[in-house]
Amino acid sequence: MTLPQDLLQAIPGTLHVVAPQTPMGPLVFDSPHSGVTLPNDFTPAVDAATVRLATDTYVDELFSGAPDIGAPLLVAEFPRSYLDVNRAVDDVDLSMIAGGWPYPARPSPAAERGMGLAWKYAWGDTLMHNGPISVAEMTHRIDTYWHPYHNRLKALLDHTYATQGRVYHVDCHSMPAYGHALSPDPAGTRRADFVIGDRDGTSCDPAFAQCICDAATALGYSVARNIPFKGAELVRAYSNPAQNRHSVQIELNRALYMDEVTREKTSDFATLQRDLSKVMQSLKDFVLNT
């Protein structure tokens, strides 16, 4: 089975899809935070390098083996701190908007830390913008980036479900090695190598999440489940295990593969990439035998 051409169509600067290279199964991967291309109309108060501090740098490359097991890989091309597709569309920090927000808003704890739909802070207490942004700018970001990404992910998941009778969605991320000022865990907290988030067992078959944990553990990595990350909007919105729609989040510790100061790959990058291909093969074996 191949994907329809419209599901493979790139939107330059917004998203692209890497097509499966072998017969497609019930797996779909996405990397919503690895984008580094700053939109032309984005005028932050900080330099581009600071904007990209929040980026899950290289995660799309680390999971580039997904198409080899018959899974499409959806990749966002813009920085998450500009517009975070892993937040609900109403997760708006009202203090960022000039003149008041005329649409429904339900700020989350993440937004209260400055990490909502658009980030208030570039990093720490450094403001992303010189002042509030307009309603028009915020709605432009939502219309140009949030809706296209969600529409494409939903279409990929729905197509897979319609043709396979089930779908297993893997939402791919990375995390700083230690908790920090903007994170849900205390600053300085040393994190596991892998954090697997299934929203406390509600977003997928527990055995699917356990398969990831077991595969990573067998390769020598430390693994935590739902601590400190349980999975956010992209896992919540598209999961319904009772209907055989499963979503799980994988967070990789950046110290495994990059220098967090220079943002350069380390010599361990290739090893982690190979190991992730083994983990993904384990997931393929699991879903084909379930």
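Computed from the coordinates by the stated procedures, all read-outs in this text should not be read as laboratory data. This is a predicted model, so every value here is computed, not measured. Positions of Cβ are backbone-derived with ideal geometry, glycine not excepted, and every protein chain shown enters the neighbour counts.
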Between rounded, prolate and oblate, where does region 175-221 land on the alpha carbon gyration tensor, with a ≥ b ≥ c its root eigenvalues, rounded for a/c under 1.5, else prolate if a/b exceeds b/c?
oblate
Placing each pseudo-label 7 Å from Cα in the direction of the beta carbon, Asp41 and Ala270 end up separated by a distance in nanometres of 4.4 nm
Proxy reagent accessibility, fewest Cβ within 10 Å first, across Glu112, Glu61
Glu112, Glu61
Mean Cβ neighbour count within 10 Å, used as a protection proxy, ranking 188-200, 167-179 highest first
167-179, 188-200
Please give me the summed charge of the neighbours of Ile142: other residues whose Cβ is under 12 Å from its Cβ, Lys and Arg +1, Asp and Glu -1.
-3
Show me, for region 59-69, the HN-Hα J-couplings you get by feeding each phi into the Karplus relation (A = 6.51, B = -1.76, C = 1.60, θ = phi - 60°), rounded to Hz, glycine and proline as x.
4, 4, 6, 4, 9, 5, x, 4, x, 6, 9
DSSP beta bridge pairing in region 5-288, given as percent antiparallel to the nearest 5
45 percent
I need the calculated FRET efficiency for the pair Ala207 and Lys278, taking r as the beta carbon distance and R₀ as 22 Å, to the nearest 0.05.
0.75
Treat every Asp and Glu Cβ in the chain as -1 and every Lys and Arg Cβ as +1, leave all other atoms uncharged, and give the resulting dipole magnitude about the Cα centre to the nearest 20 debye.
360 debye
Along the Cα→Cβ direction, 7 angstrom out, place labels at Asn244 and Ala224. What is the inter-label distance in nm?
3.5 nm
Restricting everything to alpha-carbon atoms, can you work out Rg to Rh for the chain with a Kirkwood hydrodynamic radius?
0.95
If we sort 114-123, 5-14 on the protection proxy, mean other Cβ atoms within 10 Å, highest first, what's the order?
114-123, 5-14
Once Lys and Arg are counted +1 and Asp and Glu -1 for all other residues with Cβ under 12 Å from that of Pro39, the total becomes -2
If you take the square roots of the eigenvalues of the alpha-carbon gyration tensor of region 77-212 and sort them as a ≥ b ≥ c, do you get rounded (a/c under 1.5), prolate (a/b over b/c) or oblate?
oblate
With a length cut of 27 Å (Cα positions projected on each helix's long axis) and a Kyte-Doolittle mean of at least -0.5, go through the chain and give me the DSSP H helices that pass.
269-288
Rg (Å, one decimal) plus Dmax (Å, integer) for the alpha carbons of region 52-136?
15.3, 49
On a full-extension model of 0.36 nm per residue, what is the gain between Arg113 and Val135, subtracting their alpha-carbon distance, rounded to one decimal in nm?
5.8 nm
